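Q: I have a structure here, written as structure tokens, and I will follow up with some questions on it.
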Amino acid sequence: MDFYQIKGKNPLSGMLTVHGAKNSVLPILAATLLASGQSTLYNCPELTDVSITMDILRELGCQVRREGSTLVVDASQPTSAQIPHHLMQEMRSSIVFLGALLSRMGEGQLSYPGGCELGPRPIDLHLSSLRALGAEIKEQQGMLIAKGGNLVGKDIFLSIPSVGATQNLMLAACGAVGTTTIVGAAKEPEIIELQTVLQKMGAKVWGAGSSVIQIEGGYPLHGIEHHIQGDRIVAATYLCAVAACGGDVTVQGVSTQYMGAVLDGLERAGCHLQMGQKQVRLQSGGKLQGISMVRTAPYPGFPTDAQAIFMAALSGGTGTTMFEENLFDSRYRHVDELSRMGANIQVSGRVAVVTGRELHGAQVNGTDLRGAAALVVAALSAQGESQVTGLHHIRRGYERLEQALRGLGASIALVQRT
């Protein structure tokens, strides 16, 4: 079993560039299925989730190859509309292929998606929205059998601003007759980037970034070239690590306009920030102060993906902070592991109260992507040595995390055991 061996209390300094956003590249790869031609995507990180998405495209008959951080997808002649069960089970976001398959192939067959265990995340909203466009979707023994050769645009009202449901509708609506209006759409930067990609392909899509998105379907789509935006959650992870350890680090390659809630939290906790359009410099004395409240919410609120990471940084500081998790039921699974390191965190339902104090090294295990990254942040700021396992979760969303941190002066080694 692989693990990180981490010796804490090393201040971090230097500069690093954030790799492409996982939450952007995955739906954009699904969107390449819509284009009858070759698409070239730049700044695509080497993550297990990206590799799985590439395998899905290959199963559908697309030609896919990686050249460094560039992915080339040729979807000229897809040959299948069925995604194997084992690939669907690897990640939650695989469900976005349903909209793409209905749009390009007029049908699709896939199982329910897997991914991190963060509590109930039903796809009912995805299915009901696609059915509203005219798709026929049957559920048979855990499989979704979908037909959508006659999709027709209409007004779709989302009860919650679901990122995945918004993306699925955007992709499906490109193959529908007429105009689809999504009311209550998610506003995340990744939605805006998907719109940009679809527009480059020749689709008529507008409104992303607001709660109303419109798609005029029926236009032939072609291959494109596109540079994936930097990963705002990865950037938040590095910034939280510096904030907790102390030091002076510049993170570049990410749009700071999309990180407002996290940057505001770090500033209120005592960090000094200097921001440009595509970079942020953070200086910290290494002892964060508790802040009044952190409530996770859909963008532009505090991102649920950064909750565990920010909590880990505050755990080794001073003062008290109350967290309220409003998106997922089981997103405090990292709390027990932080407690092994001496963290003082009390959980009641959706609320966690963190009282900062000195952390110490321990053997801890990450059980989901962001929870595992949070344990790395805590270990970097703790007294003594820690071992962090569950690295397969980290590899879903961070490209060579240990190398990037070592470049900033962290004492972190990847130990590989057979």
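Just so you know, all these numbers are worked out from the coordinates, no wet-lab data involved. This one's a predicted model, so the numbers in the text were calculated from it and none came from an experiment. Don't worry about glycine lacking a Cβ; one is built from the backbone with ideal geometry, like all the others, and counts go over all protein chains shown.
Q: Does segment 274-330 come out rounded, prolate or oblate by the C-alpha gyration tensor, with a ≥ b ≥ c the root eigenvalues, rounded set by a/c under 1.5 and, if not, prolate when a/b is larger than b/c and oblate if not?
A: Note, shape of segment 274-330 comes out oblate.
Q: May I pose another question? Taking the Cα centre of the chain as the origin, how large is its charge dipole in debye, to the nearest 20, when only Lys and Arg (+1) and Asp and Glu (-1) carry charge on their Cβ atoms?
A: So the magnitude is around 380 debye.
Q: Across 5 Å bins from the origin, how do the percents of Cα pairs in segment 279-405 run, short distances first?
A: Spelled out per bin, shortest first, that is 2, 11, 21, 25, 21, 15, 4, 0.
Q: Also, quick follow-up: Sort 370-379, 269-278 by the packing proxy (mean of other Cβ within 10 Å over each peptide's residues), most packed first. Before the final figure, lay out each step's value.
A: On the way: 370-379: 29.2, 269-278: 15.3.
Averaged packing, sorted descending, gives the order 370-379, 269-278.
Q: With θ set to phi - 60°, apply the Karplus curve 6.51 cos²θ - 1.76 cosθ + 1.60 along segment 36-41 and write out the HN-Hα couplings as whole Hz, x wherever there is a Gly or Pro.
A: Result, rounded to whole Hz: 7, x, 9, 10, 10, 10.
Q: Whole-Hz Karplus ³J(HN,Hα) for segment 379-396, in order, using 6.51 cos²θ - 1.76 cosθ + 1.60 and θ = phi - 60°, x for Gly and Pro?
A: 5, 5, 9, 8, 7, x, 10, 10, 10, 10, 9, x, 5, 5, 5, 4, 5, 5
Q: Principal axis lengths of the chain from Cα atoms, whole Å, largest first?
A: 61, 44, 40
Q: Between His272 and Thr318, what is the spin-label point distance in nm, taking each point 7 Å from the Cα along the Cα→C-beta axis?
A: 1.8 nm
Q: Based only on Cα atoms, what mean projected area does the convex hull of segment 22-227 have, in nm²?
A: For the Cα atoms of segment 22-227, the hull's average projected area reads 9.7 nm².
Q: Quote to one decimal, in nm, the extra length available between Arg417 and Met293 on full extension: 0.36 nm per residue of separation minus the C-alpha distance between them. If you can, show how the numbers build up before the last one.
A: Numbers: separation 124, 0.36 × 124 = 44.64 nm, distance 4.11 nm.
Gain in length upon complete extension: 40.5 nm.
Q: Now for a separate question. Rounded to the nearest 20 debye, what is the charge dipole size of segment 22-227 about its Cα centre when +1 sits on each Lys and Arg Cβ and -1 on each Asp and Glu Cβ? Intermediate results must be reported in sequence, preceding the final value.
A: Values: 14 positive and 18 negative charges, 64 e Å.
Magnitude of the dipole: close to 300 debye.
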